[in-house]
Each structure stands twice: as C-alpha cells, then as structure tokens.
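Q: Can you keep this structure in mind? I'll have questions shortly.
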Amino acid sequence: MKTYRYTAESWDEFVHELRTRKIIWGHNGNGSEATDSSGWSGCKTWEEALDYAVKGHTVGRAAIESAAVKVTMEPEPLWDTAPVGAFPCIAAYAAGVPQDMFAMSDIAPPSPSPIVRIAVNMSAPAHVDATSIVNRGVAIVSLIDRIQLSGRRVELIAIKHGKTNDEKFIWQVTVKRPEEPIDMDRVGLCFATPIMLRRFFFRVLEFMTPNEVEGYGRSTHFVEECRDCDLVIPKIGGDEYSTPELAVKTVMGLWAAAA
C-alpha cells in the first residue's frame, strides 16, 4: 500500500506551504477551493480560508468561548519523600536514606514537568456537523487549561489520517509548540471550525498526491502513527461530541485513560 506523508513542524511553516504549494489536482465541487459549501467547509472561498490562517478566526474563538463548559479541575497530585508511601524512590533507597518512598503531598512544590504531547485526529465523516467539531474544540481547550495549570507545557498537533483501497494519507501539523502560549484565534480556527479539515487538509491532499483521490479518501485512524504522543484524540465517529458536556466527558475520559 502506497503511503503519503506530510509534516509541518510549526504553524508558520504550514501557512507558508498552503500559500505557495501548487495543487496537482482538485475541483470546485468539494475540494479546498469549493465555492458553495460554507456551511460544510467553514468559509466561502479558499482565499477567505487563507486569510483566517494568517490572521486567526475570531468567530471560531467566540464559538469556543460561548460554548465553554464549567469544569471542576482537581490539582494534579504532587509527591514528596517519606518513610512510607505509594511507591519507592530508587535513588533514595540506593543511598540508604530512610525517606525512600514517594508519598502524595499537598504542600510539596511541583517539580519540573515534562511536555505533554497531544495529537488530535481531525478526520471526520462527511455527515459530522460543525456543532460536534465546536464541542470537541471546547473540550480540548478545557483539557489544555487543566494540564498547564499543573505546571506542564502542551504541544498540540493536528493530524489527518485517510485511506483508499491501496493508499494511505498521514498528515501532521504542529498547531502549538510547547514554548508558545495558546493562540485562541488559531485554536478556534483549527478545532472549532471545519476549515482545518475541509479546506487545509484537503489542500495538502491536492498537492501531495499525483492523481485525484475519489471522495478525498475515507477517514480513519492509524494507532501506530501516534505512539510518540502522550494523548491521542481519535477521529469523530458518532455522537460522542454532540453536546458540550458529553464532549468534555469524552476528552477527559481519554486523558484519564492515557494517564
């Protein structure tokens, strides 16, 4: 099976590619340059989509903020050393220190935290409406808030997996690097509108593959492609994001399982 891969390590790199790469194929009916599908693709024209990529999407940001759900955020557990505890501190044990166990502590200062790498599969069947996409965006922002409040940094990656009978398509774009603050206009564009999936990732397909892909391929999720991520949010499959509350429950459940 032939595999096509595309990777952008930053948002600036991705936008540059969208603006400069020439498409090999594509049509106005349902591709990146569709002109009569704003309700489905998120905007009226390709030029409008590019403008959002550069300037951000205030409507997408507003959609996330207006649909935001109050989430009770419990602090991440902090650990100290003690004679008894939940699990051993190997270094202390080897040194003969009596406090050779890790015990949960409410007052211990947080230690330097690792980067949490989150991949979000933007793939979704054609029948998925914008509401489910917005709700999932709300839940993702809520999770990022929770993680970063615990002192850790988040790397946020948008992925797209697709296939035909004899081809695989694997796209990956870093939306937020660990050292960057959250750009809500960008997050709103990517995760609270269909533009990222149905304009930008369609465009990648049009300039990466040599021949037209019928129906722009079938949405899927290749688990093996995400093994270096701490959390993977798979493609939208059904009604798991049909309400903001259900979306938060779904995303937080994925995080709990990953942790």
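Q: Tell me, yes or no, whether the stretch 208-221 has at least one residue that is assigned to a strand (DSSP E or B) and in contact (Cβ under 8 Å) with a residue 60 or more places away in the chain.
A: yes
Q: A further question follows. Considering only the stretch 1-56, state which residues are over 25 Å from ILE157 (Cβ atoms), of a type in the set (Ser, Thr, Tyr), surrounded by 12 or more Cβ atoms within 10 Å (Cβ to Cβ) and out of contact with any Lys or Arg (no Cβ under 6 Å at 6 or more places or on another chain).
A: Selection gives SER37, THR45.
Q: Search the stretch 1-19 for residues that are among the polar types (S, T, N, Q) and pair each with any residue that is surrounded by 14 or more Cβ atoms within 10 Å (Cβ to Cβ) when their beta-carbon atoms are under 6 Å apart and the residues are at least 6 apart or on different chains.
A: Once the first residue is among the polar types (S, T, N, Q) and sits in the stretch 1-19, its partners that are surrounded by 14 or more Cβ atoms within 10 Å (Cβ to Cβ) give THR3/LYS168; THR7/GLN172; SER10/THR174.
Q: Suppose we filter ASN165, ASN135 for residues that are surrounded by fewer than 22 Cβ atoms within 10 Å (Cβ to Cβ) and among the polar types (S, T, N, Q); which single one remains?
A: Values: ASN135 fails: surrounded by fewer than 22 Cβ atoms within 10 Å (Cβ to Cβ).
Just a single option satisfies the conditions, and that option is ASN165.
Q: If LEU156 passes every condition in (1) more than 20 Å from GLU224 (Cβ to Cβ); (2) assigned to a loop (DSSP other than H, G, I, E, B); (3) in contact with a strand residue (DSSP E or B) (Cβ under 9 Å, 6 or more places away or on another chain) but one, which one does it miss?
A: Just one mismatch for LEU156, condition (2).
Q: Oh, and also: Mind checking which residues of the stretch 162-215 are small (Gly, Ala, Ser) and in contact with a Gly (Cβ under 6 Å, 6 or more places away or on another chain)?
A: GLY162, GLY188, ALA192
Q: For the stretch 222-248, name all the residues that are without any contact (Cβ under 8 Å) to a residue 12 or more places away in the chain and in a helix (DSSP H, G or I).
A: VAL223, GLU224 - these are the residues of the stretch 222-248 that are without any contact (Cβ under 8 Å) to a residue 12 or more places away in the chain and in a helix (DSSP H, G or I).
Just so you know, all these numbers are worked out from the coordinates, no wet-lab data involved. Not measured: the values here are computed from a predicted model. Virtual Cβ from ideal backbone geometry, glycine too; neighbours counted across all protein chains shown.
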